[in-house]
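The values are calculated or read from the model by the stated rules, or taken from the named source; none is laboratory data. All figures in this text were calculated on a predicted structure; none of them were measured in a lab. For neighbour counting, all protein chains shown are included, and Cβ atoms are generated from backbone atoms with ideal geometry for every residue, glycine included.
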Amino acid sequence: MNKALLLVRPALALIAAVSLGACVSKQVAPVEQTPAMSSVAPTLALEQFLSAANAAARNDAEGIRAMGRLFGTRDAPIINIDSREIVEQRMYTLAVLLKHNTYEIQGEQVVPGRMSEAKRFLVELTLPDRKVVVPFTMVLSKGNRWLVESFEAEKITNG
């Protein structure tokens, strides 16, 4: 048998299997968060928020929208609460404030009284002119998504 056919057949079988899997629709129950997932998910949301902030600070409209989806309260992301205009203005303002060269998550703290729904992260932001450690509070929304609830802006502005 031709060597080229031997190499192509497994690839074709994989493509067929993936294609068939994509055609099947199935309801899947929500996965309960394990302790490992609950520690990774807020970190990932925070990293996405910081990345979106840098994009938004460069006048990237999608960065502003992403920030609106990642910033909010226990009830919902801010994009689901306030008008589009207000969200865009607020997120752009936060983006300009949070514009950074790099960041490092230095630690995690409990939020007393809210330990099952909130976490605080200490983030060292390398700004254009200095480094500053900024506490960010993450909250688990009713939609079971981690959102940036707040951060201590005065750590940046008082530097």
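Checked against the criteria, residue 110 counts as farther than 26 Å from residue 62 by Cα, among the β-branched types (Val, Ile, Thr) and at pLDDT below 95.
For the range 106-121, filtered to residues that are loosely packed, with under 15 Cβ neighbours inside 10 Å and out of contact with any Leu (no Cβ under 6 Å at 6 or more places or on another chain), the residue that is nearest to residue 48 (Cα to Cα) is 108. Looking for something within 26 Å of residue 133 (Cβ to Cβ), in a loop (DSSP other than H, G, I, E, B) and of a type outside the set (D, E, K, R) - is there at least one such residue anywhere in the range 92-106? Yes, the range 92-106 has at least one match. Selection of the range 82-91 for residues being surrounded by fewer than 14 Cβ atoms within 10 Å (Cβ to Cβ) and either β-branched (Val, Ile, Thr) or in a helix (DSSP H, G or I) (or both) yields 84, 85, 86, 89.
Within the range 127-141, the set of residues being surrounded by 17 or more Cβ atoms within 10 Å (Cβ to Cβ) and closer than 21 Å to residue 77 by Cβ comprises 134, 136, 137, 138, 139, 140, 141. For first residues located in the range 115-127 and free of Cβ contacts under 8 Å to residues at least 24 places away in the same chain, partners that are β-branched (Val, Ile, Thr) and lie 6+ apart or on another chain with Cβ distances below 7 Å form the pairs 120/111; 120/137; 122/133; 124/133.
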